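Peer 1: Right, I'll just put the structure down here and ask away after.
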Amino acid sequence: MEADAQVSQLEQALIQQAGTLAREALQNAESARARILAESADKLKLAEEREILVARVEAERLVRRQTQAAETRLAAELDRLRWALTEATLSAVKSRFHQLVQDEARYLAVLEAWLAAAAQALPAGELLAEVRPEDEKRLLPLWDDISARAAPGRVLKLTSHSQPSEGGIRVRLADNRAQLDQTFEARQARLADELARVTMERLFASAPDLGTLIHG
C-alpha cells in the first residue's frame, strides 16, 4: 500500500510539473506571438511608410514634369501671342503714320517740330534736311518760312534721299559730323523696346496710346 501511495504521489507531482511546464510554454508562446505580431506590425508600418514616401516622390516628380511641360507650352503660346501682337502693333503704327502723312497740315507740322528738335540738338554748323522726294515737293514752296521758324539763324538746306521710307525727316550737319534721324523707320527702331513693352502689356492689359511714335 505504501508503494502505491508513493507511486500516486509521484504521478501527482509529475502532473503538476507537466502543468507548470505547459503553462510556462503557453506563456512563452503567447509572448513570442505578441512579439512577432508587434515586429510584423512595425515592419508593415515601415513598408507602408516607404511605399507612401516612394509614391509621394513619384507624384512630386510627375507634377514637376507636368508643370514643366505646361510651362513650356505656355511659354510657346506667349511667344506666339507676343509675335502676333508685335506684328499687329507695328501694322497699327504704320497705318496711323500713313494717316498722318495723308493729312498734309498735320504732317507738315510734325516735320517742322522734328526739324526744330534736330536744330536744337545738333551742334553748330550748316544743316541739311533730307526727306522723301514726294515730301520735298510738299516742303519746297514753304521751306523758307519753315526753316526760319524751326532753325532761326542757321543755314538749313532741303534735299531728298532715295532710301525707301514711310516718311519723316533726317537732319544732319553738312560735314556729316552728326545727324538726327527722324524718319519713321529710325524712330520705330529706337522705340523697339517701347514696342516690346506695349506688346507685353497688351498680353495682360490694354495697350497705352501708340501716338508716341508720331508725336513723341
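Peer 1: For a quick check: with amide H placed at 1.01 Å from N, whose amide H comes under 5 Å from Ser160's, ignoring anything fewer than 5 positions away on the same chain?
Peer 2: Placed amide hydrogens put Val131 under 5 Å from Ser160.
Peer 1: Right, here's the next one. If I compute solvent accessible area with a 1.4 Å probe over the protein chains, what percent of it on region 166-205 is carbon and sulfur?
Peer 2: Numbers: 1040 of 2030 Å².
Summing carbon and sulfur atoms, their accessible area is 51 percent of the total for region 166-205.
Peer 1: Would you mind calculating the gained length between Ser40 and Asp193 on full extension (0.36 nm times residue separation, minus the Cα-Cα distance), in nm to one decimal? Mind dumping the intermediate values first?
Peer 2: Details: separation 153, 0.36 × 153 = 55.08 nm, distance 6.83 nm.
Length gained between Ser40 and Asp193: 48.2 nm.
Peer 1: Once the Cβ-Cβ distance between Ala55 and Arg23 is put in as r, and R0 is 41 Å, what FRET efficiency do you end up with, to the nearest 0.05?
Peer 2: Values: r = 47 Å, r/R0 = 1.14.
Calculated value: 0.30.
Peer 1: Over 5 Å intervals from 0, what percent of Cα-Cα pairs in region 74-185 sits in each interval?
Peer 2: With a bin width of 5 Å, the distribution comes to 2, 11, 20, 20, 15, 9, 7, 5, 4, 3, 1, 0.
Peer 1: About the Cα centre, and with charges only on the beta carbon of Lys, Arg (+1) and Asp, Glu (-1), how big is the dipole of region 148-195? Nearest 20 debye, please. Please report the intermediate quantities before stating the final value.
Peer 2: Numbers: 8 positive and 6 negative charges, 77 e Å.
That gives region 148-195 a dipole magnitude of about 360 debye.
Peer 1: Based on Cα positions only, what radius of gyration and what Dmax would you give for region 79-140, in angstroms?
Peer 2: Cα-based Rg and Dmax for region 79-140 come out at 16.0, 48 Å.
The values are calculated or read from the model by the stated rules, or taken from the named source; none is laboratory data. Bear in mind the structure is a predicted one, so any value in this text is a computation, not a measurement. With ideal geometry, Cβ positions are generated from the backbone for all residues, glycine too; neighbour counts draw on all protein chains shown. Surface accessibility is based on the protein's heavy atoms, side chains included, excluding ligands, DNA and RNA. Shrake-Rupley method; radii C 1.70, N 1.55, O 1.52, S 1.80 Å.
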